[in-house]
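S.K.: Mind looking over this structure? Questions follow.
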Amino acid sequence: MSETTPVSLRRQHTKERLLAAATELFAERSVQAASVEEICERAGFTRGAFYSNFDSKDELVLELVRQRGAQLVEITQQALSLIPAERIDEDALSSILSRINAVLAAGAAMDGNWVVVRAELQLYAHRNPELRPALAEATYAVASLAAAEIGAALQRQNATLRIPLNQLIITMDAYFDRMRSYEILGGDAYPLVPWQEGLEHLVRALVVFPEADA
């Protein structure tokens, strides 16, 4: 065990550096344009190191989707764990949402670079039909896990939704994606409602909490 652990750690470190380099290049040049050679050069490795971890660039793309998906689920779990089991009132809701926003803001979900890379990955899948099933499976798996976490949090509060849960997931995902895109494209040039405030508006509009006991 002790002899193989350093090798495993080095291999994982190599894979992480390759994924990080690929993420940067995908944002800069697109998935289609970024070559394996460029990814290796950016990461500081040889082609041999790449192919000892991935069979192809497409396999790296899928690993990147799975990795970011796992990070998003972990962030969602951390954020929703802040919702207590006991009943909350309107005053407590604002405080809890503020803490949830802080967790989301510190996570990969708010990574501006990832907004661009995600769009590139979607375009890449559109242009390469053979990649679509695996990419769709990874995407839906993340959505299902996030839905399970949100559903459990709602159940703890005996809360209901004004729309189906799967539509809530899509709405929240689209909201984050669009807000980050606006911020990237417009910077400070256009007045935008802070995404934290917008998130609270969405929750209050779509989640129905039971009335407090009289």
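Every read-out reported here was derived from the displayed coordinates using simple, explicitly stated rules and does not represent laboratory data. Since the structure is predicted, the reported quantities are computational estimates derived from the model, not experimental observations. Every residue, glycine as well, gets a Cβ built from its backbone with ideal geometry; the counts of neighbours run over all protein chains shown.
S.K.: Starting from region 65-133, pick out the GluC sites (Glu not before Pro) whose DSSP state is loop and whose Cβ has at most 16 other Cβ atoms within 10 Å. Walk me through the numbers on the way to the answer.
M.R.: Numbers: sites: E74, E86, E90, E120, E130; in loops: E86.
Answer by residue number: E86.
S.K.: For A20 and D89 in one chain, what is 0.36 nm times their gap in residues minus the Cα-Cα distance, to one decimal in nm?
M.R.: Values: separation 69, 0.36 × 69 = 24.84 nm, distance 4.25 nm.
Working it through step by step, the gained length comes to 20.6 nm.
S.K.: What whole-number value in cubic angstrom gives the convex hull volume per residue for the C-alpha atoms of region 1-54? Write out the running numbers ahead of the final one.
M.R.: Working: hull volume 3.5 nm³, N = 54.
Enclosed volume per residue, from the Cα hull, is 65 Å³.
S.K.: Summing +1 for each Lys or Arg and -1 for each Asp or Glu, what net charge is found among the other residues whose Cβ lies under 13 Å from the Cβ of A34? Intermediate values should be presented prior to the final figure.
M.R.: Values: positive: R29, R42, K57; negative: E24, E28, E37, E38, E41, D58, E120.
In short, -4.
S.K.: Moving on. Between Q12 and E211, 0.36 nm times their residue separation minus their Cα-Cα distance comes to what?
M.R.: Details: separation 199, 0.36 × 199 = 71.64 nm, distance 5.01 nm.
Result for the pair: 66.6 nm of gain on full extension.
S.K.: Just to be sure I understand: if I project the alpha-carbon convex hull of the chain onto a plane and average over all orientations, what area do I get in nm²? The partial results should precede the final answer.
M.R.: Details: hull surface 60.9 nm².
The orientation-averaged projected area of the Cα hull of the chain comes to 15.2 nm².
S.K.: If I build a Gaussian network model for the chain, linking alpha-carbon pairs within less than 10 angstrom, which residue out of L93, L64, L80 has the largest mean-square fluctuation?
M.R.: Top of the fluctuation ranking is L93.
S.K.: For the pair A33/I184, report the inter-label distance in nm, with labels modelled 7 Å from Cα in the Cβ direction.
M.R.: Computed distance between label sites A33 and I184 equals 1.4 nm.
S.K.: Also, quick follow-up: Using +1 on the beta carbon of Lys and Arg, -1 on that of Asp and Glu, and nothing else charged, what's the dipole of the chain about the Cα centre, debye to 20?
M.R.: On the way: 20 positive and 29 negative charges, 92 e Å.
For this selection, approximately 440 debye.
S.K.: Still on this structure: What are the extents of the Cα atoms of region 24-127 along their three principal axes, listed from largest to smallest and rounded to whole Å?
M.R.: 56, 24, 24
S.K.: For region 57-208, what relative contact order do you get, as a whole percent, if you take Cα pairs closer than 8 Å and at least 6 residues apart? Please report the intermediate quantities before stating the final value.
M.R.: Details: 94 pairs, mean separation 49.2, N = 152.
It rounds to 32 percent for region 57-208.
S.K.: Please give the calculated 222 nm ellipticity per residue for the chain, where each DSSP H segment of at least 4 residues contributes -39500 (n - 2.57) and the sum is spread over every residue; nearest 500 deg cm²/dmol?
M.R.: Details: 9 runs with 154 residues, N = 214.
Computed mean residue ellipticity for the chain: -24000 deg cm²/dmol.
S.K.: What order do you get for R66, R99 when you list them from fewest to most C-beta neighbours inside 10 Å? Before the final figure, lay out each step's value.
M.R.: Values: R66 17, R99 12.
Exposure proxy ranking, most exposed first: R99, R66.
S.K.: Using 0.36 nm per residue of separation minus the Cα-Cα distance, give me the extension gain between A174 and A147 in nm, one decimal. Walk me through the numbers before you get to the answer.
M.R.: Values: separation 27, 0.36 × 27 = 9.72 nm, distance 1.47 nm.
Computed gain between A174 and A147 is 8.3 nm.
S.K.: Still on this structure, I have one more. Could you check the spin-label model distance between K57 and L123? Points 7 Å from the Cα along Cα→Cβ, value in nm.
M.R.: Placing both labels 7 Å beyond Cα along the Cβ direction yields 1.3 nm.
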